[in-house]
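The values are calculated or read from the model by the stated rules, or taken from the named source; none is laboratory data. What you see is a predicted model; the values in this text were computed from it and never measured. Note that we place each Cβ from the backbone using ideal geometry, even for glycine, and neighbour counts take in every protein chain shown. Note: areas computed on protein heavy atoms with side chains; ligands, DNA, RNA excluded. Shrake-Rupley method; radii C 1.70, N 1.55, O 1.52, S 1.80 Å.
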Amino acid sequence: MSSSIADIRRDYMLKSFDESDASANPFEQFAGWWEEATSADIDEVNAMTLATINGAGKASARIVLLKGYTPEGFIFFTNYDSAKGKEISENNQVALLFFWKELERQVRIDGAAIKIPAADSDAYFHSRPPGSRIGAWVSPQSQVIPNRQFLEDSYKQIAALYPDESKVKRPEHWGGYIVIPETFEFWQGRSSRLHDRLQYTKQPNNSWKRERLAP
């Protein structure tokens, strides 16, 4: 092991997170932390890791962007034919992770990913910049392509079909998912690695059980 890597460490001393400060409802707790995060100087505060498992049990992870949350779950958009889309079709149990290092915080969410209604995907698609709408048609996401020129040529071809960029329709293979949580974990870094970790687990009656985890 490289000693220069092994010696990288930081003592977390910014905040604490006690049960007395925590909401009984994890969505309300997330909303409070989200407001703090969006008020802080955090670059791409909505970036989150999405972890998936395919039908063979192989795990994959990548960064996606949160595009909304509701009392039901957390929404992101992608190409349904991408690697992650295919993996979700085989096993819709996924994990999300937010890491806000400036606040020394993490939020972990485990749950089921379900496609949102087509009308909701349409609404978000038409709010995107024109280039992003065309890009959704251009990229055969996760497939092998010959070179960069392939994408640039495809972009020109699609753009030529839509001189009025407002007419670009959403491809059927592109849309949103909502992740419906079954567990949340709120992690606050603390000194000497004695971090605060509060876990919320959904109960059969749709209430939430809150427990403290050892760091």
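Residues of the range 86-104 that are free of Cβ contacts under 8 Å to residues at least 60 places away in the same chain and part of a helix (DSSP H, G or I): 86, 87, 89, 90, 101. Across the range 36-46, the number of residues qualifying as open to solvent by 90 Å² or more (accessible area, probe 1.4 Å) and either closer than 19 Å to residue 108 by Cβ or in contact with a helix residue (DSSP H, G or I) (Cβ under 8 Å, 6 or more places away or on another chain) (or both) comes to 2. Evaluating residue 122 against the criteria (1) touching a strand residue (DSSP E or B) at 6+ places or on another chain (Cβ under 8 Å); (2) over 30 Å from residue 11 (Cβ atoms); (3) modelled with pLDDT of 95 or more; (4) not β-branched (Val, Ile, Thr) leaves one unmet condition, (1). Residue count for the range 1-26 satisfying the condition of being assigned to a helix (DSSP H, G or I) and open to solvent by 70 Å² or more (accessible area, probe 1.4 Å): 5. Those strands (runs of 3 or more DSSP E) of the range 105-215 in which at least 2 residues are closer than 25 Å to residue 81 by Cβ and open to solvent by 50 Å² or more (accessible area, probe 1.4 Å), considering only elements entirely within it, cover 105-115.
Scan the range 155-184 residue by residue and report those that are among the charged types (D, E, K, R) and more than 29 Å from residue 209 (Cα to Cα). Of everything in the range 155-184, those that are among the charged types (D, E, K, R) and more than 29 Å from residue 209 (Cα to Cα) turn out to be 156, 164, 165, 167, 169, 170, 172.
Quick one: in the range 79-95, of everything that is among the polar types (S, T, N, Q) and under 23 Å from residue 30 (Cα atoms), which residue is surrounded by the most Cβ atoms within 10 Å (Cβ to Cβ)? Ranking the candidates gives 92 first.
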